[in-house]
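Shown next, in structure tokens, is the structure this report addresses.
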Amino acid sequence: MNSPFGNRPTGGNAGGKNNSGKFTDTVIMDNKIHRQLADVRAREAIVSPSEQEMRKRDAAQQSQRHLATLYSMPAMKAPDEPSNAPNIETTVVQRAVVTSNVSTFHDCMRRLEIETKRALKFERPFSLAIVGFGDLIQVANTYGVPAYELALNHIGSVLTHIVDTDIDVVGRYSNDRFMVLLPECTGPSSTMIAETTRQYFETSPVSYQSHGFFLRASIGIACFPNHGRDWKEILARADLACEAVLSKGGNAFGFASLI
């Protein structure tokens, strides 16, 4: 399939309820890697007001250039959604994402590191998108763990049907975020993919029992080499861009600040 996003095997998750009775997702990720990213994130987040203003102008200009490249996409292949909601008696929370083409966290990190080395050696581009869903915890709190797991499966199915699963990589990044690695993908191409993704989630509700709910995608994008030449730096910048989109209400995409 020559569609633009990616794939792999599933990631491990865990969930439970806190003292207030609210569901809290406690996905077990590699804390060491996340801690290593903290310094990069801090350097990126703490800048002077004048530099922040300059970066905002650069990002706005860059977004306008990318938006100018958008064109109508062909109809996307509809993902195969589960016909029945998970049974709460038999649901295993640790395997919340069961889509076969969704990579584990560690596999994603390894693939990103390898792709960065390849891009450096051959001077080739790639893009990384962090796709956040601020509504996920609310889904769990409102409808319960089975609906939450159904939502995760829905996300995995959509992302792996949008991208080319023979080349690109889709994986679970954190509690409410997925990552999509797009080798040989430039800024304009990643914009096209991000907008296709955003529109699909905006218009395609998830059905659970007698209920229906939407998942709004908030997408942060970083591109090699414009946004960094180290895989951790690119990952941190894409994650910060995702946070910026979420902080503004979500249901949009945005690029990382330029170096």
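Values in this text are rule-based calculations from the coordinates and carry no lab data. The structure displayed is predicted, hence computed values, not measured ones. So basically every Cβ, Gly included, is an ideal-geometry build from the backbone, and we count neighbours across all protein chains shown.
Of the chymotrypsin sites (Phe, Trp or Tyr not before Pro) in segment 168-210, which ones lie in a loop per DSSP and count no more than 13 other C-beta atoms within 10 Å?
Working: sites: TYR173, PHE178, TYR200, PHE201, TYR208; in loops: none.
Listed in order of number, the matching sites amount to none.
Each residue of segment 244-251 in order: what ³J(HN,Hα) in whole Hz does its phi give by Karplus 6.51 cos²θ - 1.76 cosθ + 1.60, θ = phi - 60°, with x for Gly and Pro?
Whole-Hz 3J(HN,Hα) from phi for segment 244-251: 4, 5, 4, 5, 9, x, x, 6.
Taking amide H atoms as placed 1.01 Å from N in the peptide plane, list the residues 5 or more away in sequence, or in a different chain, whose amide H sits under 5 Å from that of PHE253.
ILE219
Please list 247-256, 209-218 highest first by mean number of surrounding beta-carbon atoms within 10 Å per residue. Spell out each step's value before the answer.
On the way: 247-256: 18.5, 209-218: 16.3.
Highest to lowest by the protection proxy: 247-256, 209-218.
Express the relative contact order of segment 90-226 as a whole percentage, based on alpha carbon pairs under 8 Å and six or more residues apart in sequence. List each step's numbers first, then the result.
Numbers: 193 pairs, mean separation 48.2, N = 137.
RCO, segment 90-226: 35 percent.
Specify whether the C-alpha gyration tensor of segment 175-218 places it in the rounded, prolate or oblate class, a ≥ b ≥ c being the square roots of the eigenvalues: rounded for a/c under 1.5, otherwise prolate if a/b is larger than b/c and oblate if not.
Working: a/c = 3.74, a/b = 2.21, b/c = 1.69.
Judged from the Cα gyration tensor, segment 175-218 comes out prolate (a/c at least 1.5, a/b above b/c).
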